[in-house]
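Structure record follows, encoded as structure tokens.
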Amino acid sequence: MAEVKMPHESHEKHLCFLENIGYIQEHFEEYKNLVRDGQYVCVTCGRVAKNPENLCSAEKL
């Protein structure tokens, strides 16, 4: 199986990538911890996260 090429550094930690690989369905409680008390919004996809490192283009709410 070929390795997935990431569009930028640390993308494997971003909510958009995690959603695309089915992480939410398999690890819903852990996912909730990433979004609980969201402080940042991704200007690209609109997802909200507690930490900016979990978003591609984070902006403080």
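The values are calculated or read from the model by the stated rules, or taken from the named source; none is laboratory data. Please read these numbers as outputs of a predicted model, since none were measured by experiment. Counting neighbours? That spans all protein chains shown, and the Cβs are built from the backbone with ideal geometry, glycine included.
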Within the stretch 1-28, track down each residue that is modelled with pLDDT of 75 or more and surrounded by 11 or more Cβ atoms within 10 Å (Cβ to Cβ).
Lys13, His14, Leu15, Cys16, Phe17, Leu18, Glu19, Asn20, Ile21, Tyr23, Ile24, His27
Which residues, counting only those in the stretch 43-61, are in a loop (DSSP other than H, G, I, E, B) and among the charged types (D, E, K, R)?
Arg47, Lys50
Looking only at the stretch 32-42, decide whether some residue is assigned to a helix (DSSP H, G or I) and among the charged types (D, E, K, R).
yes
Suppose we keep only residues that are modelled with pLDDT under 95 and surrounded by 18 or more Cβ atoms within 10 Å (Cβ to Cβ) within the stretch 44-55. Which one would you say is farthest from Ser10 (Cα to Cα)?
Arg47
Search the stretch 29-43 for residues being closer than 15 Å to Ser57 by Cα and either in contact with a Gly (Cβ under 8 Å, 6 or more places away or on another chain) or of a type outside the set (A, V, I, L, M, F, W, C) (or both), and hand back the single one that is surrounded by the fewest Cβ atoms within 10 Å (Cβ to Cβ).
Gln39
